[in-house]
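Working notes for the structure below.
The values are calculated or read from the model by the stated rules, or taken from the named source; none is laboratory data. Worth saying up front: this structure is predicted, and the values here are computed from it rather than measured. No Cβ is skipped: glycine too gets one built from the backbone with ideal geometry, and neighbour counts run over all protein chains shown.
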Amino acid sequence: MRIYLIQHGEAKSKEEDPERPLTEKGKSQAKKVAEFLKGKIKPACIYHSGKLRAKQTAEIFSEVLGINDLIEESSLAPLEDVKIFASVVEKHSGELMVVGHLPHLSKFSSFLLCGDENAQILKFQMAGVFALEKEERWQVSFAVIPDLV
């Protein structure tokens, strides 16, 4: 099994727009990373939190990668208990993509990798991807950040 964890692209501040849509830079970041991954990965679906910035990031990856199955998942909210989404992931066996927020992604990845959600093992960047793979246990497979592609 493989899971691609993505922090949403750069978003407008609450003061600029309370809905916090992606900025032009955020859209560009997501598209750049998605284009780099095109043809290299093929997740079955993309989960996102439903917050506008995560949804827009998921839509960009969906369009570029040709993934039609976008799933809004409330357990991906920034402060939600990571064990709730972990139970969702357990139902999958192939590849899936997740677009979310900090601190949830940091806690979720730490929970998968070492069982301690407070370990802060991975340092996420906006529109960056961490690929985690599970055979016997979860391990980091690769990472892609906008500044490197």
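(1) of a type in the set (Asp, Glu); (2) out of contact with any helix residue (DSSP H, G or I) (no Cβ under 8 Å at 6 or more places or on another chain); (3) farther than 30 Å from residue 18 by Cα: which one isn't true of residue 116, the others all being true?
It fails just one condition, (2).
Return the residues of the range 117-149 that are hydrophobic (A, V, I, L, M, F, W, C) and closer than 20 Å to residue 31 by Cα; say none if nothing qualifies. Explain how you work it out, then say what you get.
So in the range 117-149, the residues hydrophobic (A, V, I, L, M, F, W, C) come out as 119, 121-122, 124, 126-127, 129-132, 138, 140, 142-145, 148-149.
Of everything in the range 117-149, those that are hydrophobic (A, V, I, L, M, F, W, C) and closer than 20 Å to residue 31 by Cα turn out to be 124, 126, 127, 129, 130, 131, 142, 143, 144, 145, 148, 149.
Out of the residues in the range 59-94 that are closer than 17 Å to residue 40 by Cα and at pLDDT 95 or above, state the one that is surrounded by the fewest Cβ atoms within 10 Å (Cβ to Cβ).
66
Select from the range 101-125 the residues that are assigned to a helix (DSSP H, G or I) and over 18 Å from residue 75 (Cβ atoms) and list them in ascending order.
113, 114
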